[in-house]
Structure formats: C-alpha cells, structure tokens
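What follows is a short report on a single structure.
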Amino acid sequence: MMLGLLLARAGVEVIVLEKHADFFRDFRGDTIHPSTLELMHELGMLNEVLRLPHQELRRVKIKFDDEEIAGPDFSHLSTRCKFIAMMPQWDFLNFLVTQAKRYPTFRLLMNTEATDLIEEGGRVVGVRAKTDQGELNAYARLVVGADGRSSILRDRAGMEVEDFGVPIDVLWFRVAKTAADTEPALGRIRNGRMLVTIDRGDYYQCGSIIRKGAFEGIRRQGLEAFREEIVSVAPFLRDTVSEIDDWDKVKLLTVQVNRLRQWYRPGLLFIGDAAHAMSPAGGVGINLAIQDAVAAANLLAEKLRQGICDTDDLRRVQRRRELPARMTQNIQVFIHRQMFGSRSDPERALSIPWPARALLWLLTPLLRRLAARVIGIGFRAEHIRT
Ligand SMILES: Cc1cc2nc3c(=O)[nH]c(=O)nc-3n(C[C@H](O)[C@H](O)[C@H](O)COP(=O)(O)OP(=O)(O)OC[C@H]3O[C@@H](n4cnc5c(N)ncnc54)[C@H](O)[C@@H]3O)c2cc1C
C-alpha cells in the first residue's frame, strides 16, 4: 500500500490487489515506528496520522517475574517522533488508502487475490487474480510481490528461498481490560513462559510464545489449562481470561525467518516479508517492509514513468535493501537461539535461564539506546525522494 501510494503520487499508474475485503485482521503487529512517522512527516501527513487513535510507546518495559526491566528507550532518537505509535494496522492501512485515492493514478481492488503470474517471453507481464466476479488478468510493466510471508507469487515465480529455522510460534488472542489494570508492560515473562500484551485501549492483544509445533499438545490439555497458563504469566488477566471459551478465539501464527536469494526477475520484484519474512522479535518487520517500499519508489518511480524499468533497476532495489534485511534477520535469529534454543534442540525451548540471559543486554542505558535505534529506525533509513 505504501509503494502504491508513493508511485501513484509520483504519477505512475498503480493497481493494488488485496485478497481480503478489508484490512480488519489481527495478525500484523501494531507498530508504527519512528522512522515511518518521519516518512509521514516528509509526506506532510504526520499530523493526520497522529490524529488516529494510538498509544505512544516511548520506553519499553518488560516484566520478568515480579521485576520490571527497562527495555529500549526511544526518547533519544533523532527523529521528530521519539516513540513507537501503537496503532491497529488496519487504521494505518485505511489511512494510506485514503491518501492514495486522492491520486487519479491509484486503483485499489479489494477482494482480489493474485493466483498466478502471466509471463511472455521469459518476462512477467502481469498477474491472474480471483475476484467475486470471476477471474481477472491484470497486466503491468512491473509486478511487485508484496503479499507477505506466505507469498503465493514467490512460489509461482519459483524463487529460491533461504530458510533460517525458527523454534517458535505465536498464539494470538485478545482479552478485555478491566479498570483495575495498572501494569503497562509490553511483555511478561514468568515461569519460563512469555506473553506479549499490546494495549489496544479497551483490550489487550496478547501473543503467547510457544515452542514450534506445540499447539496441538496445548489444545489437547484443554482451554482451562490454557487459561491458567495465561494467568500464571499475567495474573492481572484473571478476571477476563474466561472470555477465551473457544479455540476459535486463539489463532496460531506461524513464525518464519527466510529470505529470497534474488528478489527479482524480469518484470517482477519482491519486497517486505515476501522478500524476507521477519519474525515478531523486536517488532521490526513492518518498518522493514515500509522502508523497502520507499527505496523501491525512490529507485523506480521515474523509470516506470518513462517505461524503461529493467532488471538492473530491480537489482538496485535488492542491493539497497538486502543488507538491512540481512542484519535485522541475523539479530532475530540470534535472539531466537539465545531465548528458545535452536530448532534442532526443541526441548530447550522456553527454559528458565533464557530470559535472564536475553534481557541482561537491555540493562545498560547505552544498549537500551542502541536497541531503540535498531527497532525504531533500523539499519539504513530511507527518505522520500519521489
Ligand atoms: C505474530 C507476529 C507478530 C508480529 N508483530 C510485529 C510487530 O509488532 N511489529 C512489526 O514491525 N512486525 C511484526 N511482525 C512482522 C510483520 O507482521 C511483517 O514483517 C510485516 O507485516 C510485513 O509486511 P508486508 O506488507 O510485507 O506483508 P503483510 O503485512 O503480510 O501484508 C501482505 C498483504 O498482502 C495480502 N495478500 C496476501 N496474499 C495475497 C494475494 N495472493 N493476493 C492479494 N493480496 C494478498 C494480505 O492480505 C496482506 O494484506 C509480526 C509477525 C508475526 C508473525
């Protein structure tokens, strides 16, 4: 959506296909990073974005047993906004759509699922898509696969994927807040279990970190045992956790970390999770995806307008963005291994010593600032050049 907005704004005709009817889903993370807010400022949209309901996260706090540990501190960043805006992603996406629709060069087709590539003479020239009204062929000078970590387009294109084993999955559910909640912390670790609690105003979006493949066993033990487990990590949820009275309310999110060796083919480019699937560790994947979009727009908008975008231009996008993705994924894989053990050693997962080891590095002020930079801005900050 971000790339669609930037290209349309630069005078390039764009069609964005979205397979769902709306953006109202829970699986995306809620973080609008300082670097993204800076981009919104560069686009003259910051004030409007900040009028959307959000919470400002200036310092991350994590509860480890009964002790509160200070995590990344964004207040020292050089950006205009020294905080992460916690905002449901559907609000942010709807905002981008509203902005993009101001340009006659922008079209959004909802309920339109790309199912295959159209190729001519070894070059991708469009996509086939499924809609309510039947099949649609959309032709384009460039197809951008921004279809996330389960990208169908990268399968269809036969791209080579390098996979870095991840030992965790996430159970994603919501629990209502009660007036008595007085414990604002983004994550909680107790008895070797970890629970993320994102404050969304009147409820917590919760993410329970589990060992990969453990969900079936958890289900077999039953909902009562699951609820008790939640309360044992976050006792303040005791009064409302009974809302989870059906497994349908608990979504299994499969975590992956992988990367394409090559992000492009003639007529086709991948960005965001489709090029490099990020884990939730550090909450940085959205930032990376948006930075990819900005870099792609900066490098390609003029070429697309002139109709001369070739494979060398696409290679430049990968060259620009691969290093930040690679460095961030290396950190994520390191964190996973330190915290949960490697995939080949699943029984070590979530053992007691990991939180202490993993959180120690967050304790010194210098490292807290460094972590804030990596999470809040990332490795190669992009700026609007279109
Ligand atoms: C449990 C979990 C929690 C996370 N929490 C955070 C967090 O707090 N902060 C953070 O920065 N990152 C987080 N991440 C990572 C983050 O979600 C991703 O890195 C980020 O969303 C990638 O953005 P994207 O636009 O590339 O892909 P996505 O956000 O996955 O968007 C892809 C879009 O394409 C659409 N689509 C898919 N297939 C098709 C198709 N065939 N045709 C048409 N449309 C299609 C989808 O509906 C979706 O709208 C989390 C990841 C997980 C697994």
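The values are calculated or read from the model by the stated rules, or taken from the named source; none is laboratory data. What you see is a predicted model, and the numbers here were worked out from it, not measured in a lab. Heads up, the Cβs are rebuilt from the backbone with ideal geometry, glycines too, and the neighbour counts pull from every protein chain shown. Just the protein is used for accessible areas: all its heavy atoms, side chains included, with ligands, DNA and RNA removed. Shrake-Rupley method; radii C 1.70, N 1.55, O 1.52, S 1.80 Å.
Sites listed here are trypsin sites (Lys or Arg not before Pro) in region 37-126 whose DSSP assignment is loop and whose Cβ has at most 10 other Cβ atoms within 10 Å: Arg102. Rolling a 1.4 Å probe over the protein heavy atoms gives the chain an accessible area of 46 Å² per residue.
Centre-to-centre, using Cα atoms only, region 233-283 and region 75-129 are separated by 18 Å. Rounded, prolate or oblate: pick one for region 1-46, where a ≥ b ≥ c are the square roots of the eigenvalues of its C-alpha gyration tensor, a/c under 1.5 means rounded, and failing that, prolate if a/b is larger than b/c, else oblate. Oblate shape, in that a/c is at least 1.5 and b/c is the bigger or equal ratio.
Comparing Asp169, Asp91, Asp312 in a Gaussian network model of the chain where C-alpha atoms under 10 Å apart are linked, the largest mean-square fluctuation is found at Asp312. What are the aspartates and glutamates whose alpha-carbon lies under 19 Å from the alpha-carbon of Lys63, with same-chain residues fewer than 8 places away excluded? Here the aspartates and glutamates satisfying the reach criterion relative to Lys63 are Asp73, Asp181, Glu183, Asp199, Glu228, Glu229. Taking a ≥ b ≥ c as the square roots of the Cα gyration tensor eigenvalues, with a/c under 1.5 meaning rounded and otherwise prolate when a/b beats b/c, else oblate, which class fits the chain? Note, shape of the chain comes out prolate. Applying both filters, DSSP loop and at most 16 other Cβ atoms within 10 Å, to the chymotrypsin sites (Phe, Trp or Tyr not before Pro) of region 168-274 eliminates every site.
Exposure here means at most 16 other Cβ atoms within 10 Å; with GluC sites (Glu not before Pro) in a DSSP loop as sites, the longest stretch of the chain lacking them is 161-386.
Per the helix-only calculation at 222 nm, which mean residue ellipticity applies to the chain, given -39500 (n - 2.57) for every DSSP H run of n ≥ 4 and division by its residues, nearest 500 deg cm²/dmol? Taking each H run of at least 4 residues, the total per residue is -10500 deg cm²/dmol. The trypsin sites (Lys or Arg not before Pro) of region 175-275 meeting both criteria, a DSSP state outside H, G, I, E and B (loop) and at most 10 other C-beta atoms within 10 angstrom of the site's C-beta, are Arg261.
Anything in the chain that counts as a DSSP H helix reaching 27 Å or more along its axis (C-alpha) with Kyte-Doolittle mean of at least 0.0? List them, would you? Qualifying helices: 285-306. Too long at a 23 Å Cα-Cα cut-off: which of Lys61/Lys251; Lys19/Lys101; Lys130/Lys249; Lys177/Lys249; Lys82/Lys251; Lys101/Lys249? Long pairs (Cα-Cα over 23 Å): Lys61/Lys251; Lys130/Lys249; Lys82/Lys251; Lys101/Lys249. Residues whose amide H lies under 5 Å from that of Ile168, counting only those 5 or more places away or on a different chain, are Lys212; hydrogens are built 1.01 Å from N in the peptide plane. The stretch between Gln55 and Tyr139 holds 26.2 nm of extra length on full extension. This uses 0.36 nm per residue minus the Cα-Cα distance. Our analysis of region 27-153 gives Rg over Rh at 1.10, with the two radii drawn from alpha carbon positions and Rh computed by the Kirkwood formula.
The accessible area of Tyr139, taken with all protein chains in place and a 1.4 Å probe, comes to roughly 130 Å². Compute the Cα gyration tensor for region 40-92, then decide on rounded, prolate or oblate, letting a ≥ b ≥ c be the square roots of its eigenvalues: rounded whenever a/c is under 1.5, prolate when a/b is larger than b/c in the other cases, and oblate in all that remain. Oblate.
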